[in-house]
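A short worksheet on the structure shown next.
The values are calculated or read from the model by the stated rules, or taken from the named source; none is laboratory data. Here the structure is a predicted model, which means the values were calculated and not measured. Don't worry about glycine lacking a Cβ; one is built from the backbone with ideal geometry, like all the others, and counts go over all protein chains shown.
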Amino acid sequence: MEKEIFAKIQETLAGALGVEPEEVRPEASLTKDLGAESIDFIDIIFRLEKAFNIKIPNGELFPGNILADERFVKEGRVTVGGLAEIKAKVPYLDVDLFSRDPQVSKLAEFFTVQMILRYVEDRLAKEVKA
Amino acid sequence: MIPSPVSGTAMRPIGVGIDILSLDRAKRFLTAHSSKQIQKIFTESERKKMGRELFSPPHFAKLFAAKEAFFKAAGGSWMGLPGFSRIQIQPFAKHRFKAVSPRYQPKETTAEGCFFESPEWVGAQVILYHAESKSQKSKVKTTIQKLK
């Protein structure tokens, strides 16, 4: 099952980002390794919803909305409270690694293929349970 | 402190953002998704004003780049899908626009920008200004009058 999900994610990301499916490795960063830009994040969300027949609520996969909250960002850096909020709302993201230098502008670098895989697996498992 | 290109009043720039989007990328995006999904990126007013033009690559790319340039001018982070639909782009002259977002814009600021384009891509630049005091506005007005 996990292999099937990963293959589908590879195909989805390759289509959105215009890369070869083999380049979509679990550890790959969407921005640094696969060249994703903001339009690609929206494209990825829409394509994942279609491919897995799920609805991805705002901020559940890519935590954009948290960063618009003044309590969580100070002088271009995510605050301790902000990091805790991201960890709680987006447990699929490696917040510990990001927290070493929590610059808001660098957060997207930590969006990885692995993060999407974990999210989709979790979502599909929850739907099976329900 | 510089005069705003729109109003001529004294404004202090506090952020600059630039974004470009290739027309090929815009076309690929528009082809992959339904109009219902694409509309989620825009405000109701933009949807009403642009109508079907919203789905043409050059128009779509212009509005998208303008919103992204605004994000960069306002702080540089990706604000997620809801962020895009909370920024209003208001073109007011050929190649120029105002960007308005009560949610993402610091208080007492104005965002203005311009579009630039090539046959392959479209770009937008946004400058976020902080309004200055009346006396400073007056000084700039006097300087502009002298220059005229």
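Specify which of the listed residues (A:Asn65, A:Asn58) is over 24 Å from A:Ala125 (Cα atoms), out of contact with any strand residue (DSSP E or B) (no Cβ under 7 Å at 6 or more places or on another chain) and within 10 Å of another protein chain (Cβ to nearest Cβ). Steps first, please.
Values: A:Asn58 fails: over 24 Å from A:Ala125 (Cα atoms).
Going through A:Asn65, A:Asn58 in turn, just one is over 24 Å from A:Ala125 (Cα atoms), out of contact with any strand residue (DSSP E or B) (no Cβ under 7 Å at 6 or more places or on another chain) and within 10 Å of another protein chain (Cβ to nearest Cβ): A:Asn65.
Are any residues in the range A:68-97 within 12 Å of chain B (Cβ to nearest Cβ) and among the basic types (Lys, Arg), and if so, which ones? Once the filter is applied, which keeps residues that are within 12 Å of chain B (Cβ to nearest Cβ) and among the basic types (Lys, Arg), the range A:68-97 yields A:Lys74, A:Arg77, A:Lys89. Within the range B:20-36, the set of residues being surrounded by fewer than 16 Cβ atoms within 10 Å (Cβ to Cβ) and without any contact (Cβ under 8 Å) to a residue 12 or more places away in the chain comprises B:Thr31, B:Ala32, B:Ser34, B:Lys36. From the list A:Glu2, A:Glu22, A:Glu70, A:Glu60, the lone residue that is loosely packed, with under 14 Cβ neighbours inside 10 Å and touching a residue at least 40 places away in the same chain (Cβ under 8 Å) is A:Glu2.
Taking the conditions (1) more than 14 Å from chain B (Cβ to nearest Cβ); (2) hydrophobic (A, V, I, L, M, F, W, C); (3) farther than 28 Å from B:Gly15 by Cβ in turn, A:Leu17 satisfies each one other than (1). Looking only at the range B:74-106, residues that are farther than 17 Å from A:Ala108 by Cα and small (Gly, Ala, Ser) come to 4 in all.
Taking the criterion of being touching a Phe, Trp or Tyr at 6+ places or on another chain (Cβ under 7 Å), within 14 Å of chain B (Cβ to nearest Cβ) and either within 14 Å of A:Thr112 (Cβ to Cβ) or in contact (Cβ under 8 Å) with a residue 12 or more places away in the chain (or both), would at least one residue in the range A:46-54 satisfy it? Give the derivation first.
First pass over the range A:46-54, keeping only residues touching a Phe, Trp or Tyr at 6+ places or on another chain (Cβ under 7 Å): none.
The answer is no; no qualifying residue exists.
Tallying residues that are surrounded by 21 or more Cβ atoms within 10 Å (Cβ to Cβ), closer than 19 Å to B:Val16 by Cβ and in contact (Cβ under 8 Å) with a residue 40 or more places away in the chain within the range B:76-111 yields 3.
Residue count for the range A:20-41 under the criterion of being within 14 Å of another protein chain (Cβ to nearest Cβ) and over 16 Å from A:Met115 (Cα atoms): the result is 4.
Every listed requirement among (1) buried (at least 18 other Cβ atoms within 10 Å of the Cβ); (2) under 25 Å from B:Ile20 (Cβ atoms); (3) among the hydroxyl-bearing types (Ser, Thr, Tyr) is met by A:Tyr92 save one, (2).
Consider A:Val113 carefully, then state whether it is within 14 Å of the chain's Cα centre (by Cα) and farther than 23 Å from B:Gly15 by Cβ. Against the criterion (within 14 Å of the chain's Cα centre (by Cα) and farther than 23 Å from B:Gly15 by Cβ), A:Val113 qualifies. For the residues A:Gly64, A:Gly59, the requirement of being under 26 Å from B:Ile14 (Cα atoms) and of a type in the set (Gly, Ala, Ser) singles out A:Gly64.
Across the range B:48-62, the number of residues qualifying as under 18 Å from B:Ser101 (Cβ atoms) and modelled with pLDDT of 95 or more comes to 1.
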